[in-house]
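Student: Okay, handing you the structure first.
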Amino acid sequence: MFYPYRRYVLKLIQVFMKTAYFTPLLFLTLILLSACKNKVVMSVSGSVDYLGEANISVSEQPLHYKYSPKKIYSVTHKENGAFKIDIPISVNRKLIFTIDDQSLSLIADPNDKLNLTISRASFPLDTDFNSIHKDDYEAYKNYLSETDGLDKLIEKEMNNFKA
């Protein structure tokens, strides 16, 4: 009479035993993985031919220009214009390299050791990149040179249209 139910009871015990060992093992694994969290950073180095009193910074592009918090990392430079900074990379993968009021967009890639050679007089147009994304930076530089002065041409055409 008990025999037909014996298989089901044994199967239930086997499932419970697997679960009894599985749950603590899963919990322990999650604790260990959360403790081994590495900080992901991107290294940016380079040189600027002349800085004077200019301020250099790298910032994350905020989600909203007004309401989102802004993370700005100040770059310290040597007298010869050399600089190096390690920037923590978060979910936001858009970085902006700024010298005073001029800026340059950067690709946030922790595998990239970005090296910039900057001519301050014509920044960001005259910037040389040493990066694994060199082709992308060159395409961006071409875009900047093609659109440089476009706002003045539009304003001139608008003034001609008003007259």
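Student: If residue 117 satisfies every condition in (1) of a type in the set (Ser, Thr, Tyr); (2) outside any strand (DSSP E or B); (3) farther than 23 Å from residue 63 by Cα but one, which is the exception?
Tutor: (2)
Student: Kindly list the number of the only condition in (1) in contact with a Ser or Thr (Cβ under 7 Å, 6 or more places away or on another chain); (2) crowded, with 16+ Cβ neighbours inside 10 Å; (3) not small (Gly, Ala, Ser) that fails for residue 123.
Tutor: (1)
Table: residues versus (1) part of a strand (DSSP E or B); (2) touching a Leu at 6+ places or on another chain (Cβ under 8 Å).
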{"site": "33", "(1), (2)": "no, no"}
{"site": "44", "(1), (2)": "yes, yes"}
{"site": "70", "(1), (2)": "no, no"}
{"site": "85", "(1), (2)": "yes, no"}
{"site": "95", "(1), (2)": "yes, yes"}
{"site": "106", "(1), (2)": "yes, yes"}
{"site": "125", "(1), (2)": "no, yes"}
{"site": "135", "(1), (2)": "no, no"}
{"site": "139", "(1), (2)": "no, no"}
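Student: For residue 107, indicate whether it is closer than 29 Å to residue 90 by Cα, buried (at least 16 other Cβ atoms within 10 Å of the Cβ) and of a type in the set (A, V, I, L, M).
Tutor: Judged against the criteria, residue 107 is a match.
Matching residues to (1) among the β-branched types (Val, Ile, Thr); (2) surrounded by 15 or more Cβ atoms within 10 Å (Cβ to Cβ); (3) outside the structural domain of residue 102 (by TED's automatic domain parsing); (4) more than 22 Å from residue 112 (Cβ to Cβ):
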{"site": "50", "(1), (2), (3), (4)": "no, no, no, yes"}
{"site": "53", "(1), (2), (3), (4)": "no, no, no, yes"}
{"site": "58", "(1), (2), (3), (4)": "yes, yes, no, no"}
{"site": "64", "(1), (2), (3), (4)": "no, no, no, yes"}
{"site": "73", "(1), (2), (3), (4)": "no, yes, no, no"}
{"site": "78", "(1), (2), (3), (4)": "no, no, no, yes"}
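The values are calculated or read from the model by the stated rules, or taken from the named source; none is laboratory data. If you're wondering where the values come from, they're calculated on a predicted model, not measured in any experiment. Note: ideal-geometry Cβ built from the backbone for every residue, glycine included; neighbour counts use all protein chains shown.
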